[in-house]
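Here's the structure, in structure tokens; my notes come after.
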Amino acid sequence: MTDAPPTLSPDEVQGFADIAARLTTNVASVVLGKPEVVRLALTGLFAEGHLLIEDVPGVGKTTLARAIAASVRGQWRRIQFTPDLLPSDVSGVTIFNQASRQFEFHGGPVFANIVIADEINRASPKTQSALLEVMEERHVTVDGHRHGVPRPFLVVATQNPVEMDGTYRLPEAQLDRFLMKLSIGYPEESVEVEVLRGAAAGRSPDYLGAVTDTDSVASLIRLSHRVFVADPLYAYAVRLATATRDHKQVRVGVSPRGVIALSRAAQAYALTDGRAYVVPEDVKALIEPVFAHRLLLAPDAAMRGVTAAEVLCTVVESVPAPAPAASRA
């Protein structure tokens, strides 16, 4: 077997890992006790994939999104999704200017580097769908004209569980546009005590200093594209997706877009660990946040309370991973 091609220099790998570590520390200073959630969220940033954060109110979903925005010194805007929000409130409108006698486009809040879509499932499906084009294509089309959004571009959407009052289920087509779906969860007792101390001291993302800027983030995204993925690992990712499609408890398995998302996330995840190549452990660590929201369970499995995470555990156990040496070959 031959070694992986030298796609990244040691200095590039170390520089990436250093910035990732500083960003993690910065965000974790206000999102307490959730280091793995913070790492996964930053992995989504470096992979330039969108994040969906689902949890009960008050556990720090919006705080995590705002902390990432503050840490990269990028232009960010927040959309508070409500039942009366219109699609034009998201993408923008064309208005006739009486002075110039011309129609002018006024961009909506999606024209930012980081867009925080707060409680996205409180808006109607029609308004939710307004995000589809810009999430996938990085532009909006209004009155037949395309308008590109700034790059890098990241949507961090938060939602409450669909069982709660006043929420709408996100359509599968939109769920598939999110690179990862994360859950923060309740903090441990000692961490919650520290949260109270921080709240009393006024600690919040509003006072968080920037660690880097959007130009540097764009460079880091380009570096992550150059992380080496061996052919056996590509095949492993495809076999994992195929196993979800053939699983007896799954009605709709992971799409090819989901497989691409897994490989892209694995590249960024490897670099945060100081490696210029992906290993099977990267794929295993990411399979639940990347694949779970893309699965549509069979009705009988859903009625019995089977979860997507449980299905993915059986998938990982049933699909053999390539030997570690194959990851660099």
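Read through the list (1) modelled with pLDDT under 95; (2) of a type in the set (D, E, K, R); (3) not assigned by TED's automatic domain parsing to the domain that holds residue 48, then give the number of the only condition that residue 239 fails.
If we test residue 239 against (1) modelled with pLDDT under 95; (2) of a type in the set (D, E, K, R); (3) not assigned by TED's automatic domain parsing to the domain that holds residue 48, just (1) comes out false.
Being free of Cβ contacts under 8 Å to residues at least 12 places away in the same chain and among the aromatic types (Phe, Trp, Tyr) is true for just one of 111, 96. Which residue is that? Lay out the reasoning, then the answer.
Details: 111 fails: free of Cβ contacts under 8 Å to residues at least 12 places away in the same chain.
None of the others qualify; the one that does is 96.
Can you pull out every residue in the range 271-285 that is in a helix (DSSP H, G or I) and surrounded by 24 or more Cβ atoms within 10 Å (Cβ to Cβ)?
271, 282, 283
Cβ-Cβ under 6 Å, sequence separation 6+ or interchain: first residue in the range 58-87 and among the aromatic types (Phe, Trp, Tyr), partner surrounded by fewer than 16 Cβ atoms within 10 Å (Cβ to Cβ) and part of a strand (DSSP E or B). Which pairs?
Between residues of the range 58-87 that are among the aromatic types (Phe, Trp, Tyr) and residues that are surrounded by fewer than 16 Cβ atoms within 10 Å (Cβ to Cβ) and part of a strand (DSSP E or B), there is no close pair.
Against the conditions (1) surrounded by fewer than 13 Cβ atoms within 10 Å (Cβ to Cβ); (2) touching a residue at least 40 places away in the same chain (Cβ under 8 Å); (3) within 20 Å of residue 297 (Cβ to Cβ); (4) not aromatic (Phe, Trp, Tyr), where does residue 246 fall short? Just the number, please.
Result: residue 246 passes all but (2).
With (1) buried (at least 21 other Cβ atoms within 10 Å of the Cβ); (2) within 30 Å of residue 143 (Cα to Cα) as the list, and residue 95 as the residue in question, which single condition is left unmet?
Unmet for residue 95, out of (1) buried (at least 21 other Cβ atoms within 10 Å of the Cβ); (2) within 30 Å of residue 143 (Cα to Cα): (1).
Could you list all residues from the range 249-276 that are without any contact (Cβ under 8 Å) to a residue 40 or more places away in the chain and not aliphatic (A, V, I, L, M)? Break it down into steps so the answer makes sense when it comes.
Looking only at the range 249-276, we keep the residues that are without any contact (Cβ under 8 Å) to a residue 40 or more places away in the chain, and these are 256, 259-260, 262-263, 266.
Residues satisfying the conditions are 256, 263.
On the basis of being in the same structural domain as residue 107 (by TED's automatic domain parsing) and under 13 Å from the mean Cα position of the chain (by Cα), does residue 138 make the cut? Full working, then the answer.
Numbers: in the same structural domain as residue 107 (by TED's automatic domain parsing): yes; under 13 Å from the mean Cα position of the chain (by Cα): no.
The answer is no for residue 138.
Answer yes if at least one residue in the range 291-312 is surrounded by 15 or more Cβ atoms within 10 Å (Cβ to Cβ), touching a Lys or Arg at 6+ places or on another chain (Cβ under 6 Å) and under 29 Å from residue 13 (Cβ atoms), and no otherwise.
no
The values are calculated or read from the model by the stated rules, or taken from the named source; none is laboratory data. Note that the structure is predicted; figures quoted are calculated from it, not measured. Please note: Cβ atoms are built from the backbone with ideal geometry, for glycine as well, and neighbour counts cover all protein chains shown.
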